[in-house]
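Report on one structure; see the data block that follows.
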Amino acid sequence: MSTPGPTRTPLPPHDEAAAAAMWRDYVAAHPEHAWDEPAVEHFGDSVESCDSLLALVLGGGKRATAALLRDFLAHDALPPRIGSHWVACDGRGAPRLVLRSTELRVGPADSVDAAFALDEGEGDRDAAEWLEGHARYWRRQAATEGFEWSPDLPVVFERFDVVWPPEDADEASGPVG
């Protein structure tokens, strides 16, 4: 008999209107960013993982994330760039935070280093555990989307600051780039 895996409730659509309102509020306070068109995204692949990862961000322990480069290309989206923004939604699709990319690197998954694993704030926060956990995640994604997972697939390694709302923003979220 196999043990059931963790619950994975599918994520609902993002509340695009609420995300646009959050972005307007941010731009009203920071008009120098009016040029940017933020992506509206979530962490993880389920309501449970999204809310868990968002809690790590809100708690200050998570300031990095990683995504397969193919995810951007498959959706005709540009990967993030230093200084670009994204609206992070919770597991109900409601916008919670505006994040600004501060550092980016593209490389194979197995090129993750200890500093990045620490900044991502998940699990044991070491590179070996990071690779094992992300490989499980990307294998699930590969099975669902019909591609072959390999540790040499290009990954976008991103560090970010929380810049909005003010009560959750990082203290040192000054100019980037």
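The values are calculated or read from the model by the stated rules, or taken from the named source; none is laboratory data. Given the structure is predicted, the values throughout are model-derived calculations rather than measurements. Cβ sites come from the backbone with ideal geometry, for glycine too, and all protein chains shown count toward neighbours. The protein model used for the area step is the full one, side chains on, heavy atoms only, and it has no ligands, DNA or RNA in it. Shrake-Rupley method; radii C 1.70, N 1.55, O 1.52, S 1.80 Å.
Calculation over all alpha carbon pairs of the stretch 65-163 in 10 angstrom steps from 0 returns a P(r) of 15, 43, 39, 3 percent. For the chain, the residue among 89, 31, 102 whose Cα projects farthest onto the positive side of the dipole built from Cβ charges is 89.
Principal-axis analysis of the Cα atoms of the chain puts helix 16-29 at an angle of about 50° to the longest axis.
Centre-to-centre, using Cα atoms only, the stretch 63-79 and the stretch 96-129 are separated by 14 Å.
Share of carbon and sulfur in the accessible area of the chain stands at 55%, probe radius 1.4 Å. Expressed as a whole percent, the proportion of Cα-Cα pairs in the stretch 51-109 lying more than 13 Å apart is 69%. Loop-located trypsin sites (Lys or Arg not before Pro) in the stretch 1-79 (DSSP state other than H, G, I, E, B) with a sparse environment of at most 16 neighbouring Cβ atoms within 10 Å: 8. Note: relative contact order over the stretch 57-146, using C-alpha pairs below 8 Å and six or more positions apart, is 24 percent.
Think of a 1.4 Å ball rolled over the protein heavy atoms: the chain then has 54 Å² of accessible area per residue. The angle separating the long axis of helix 47-58 from the principal Cα axis of greatest extent in the chain is about 50 degrees.
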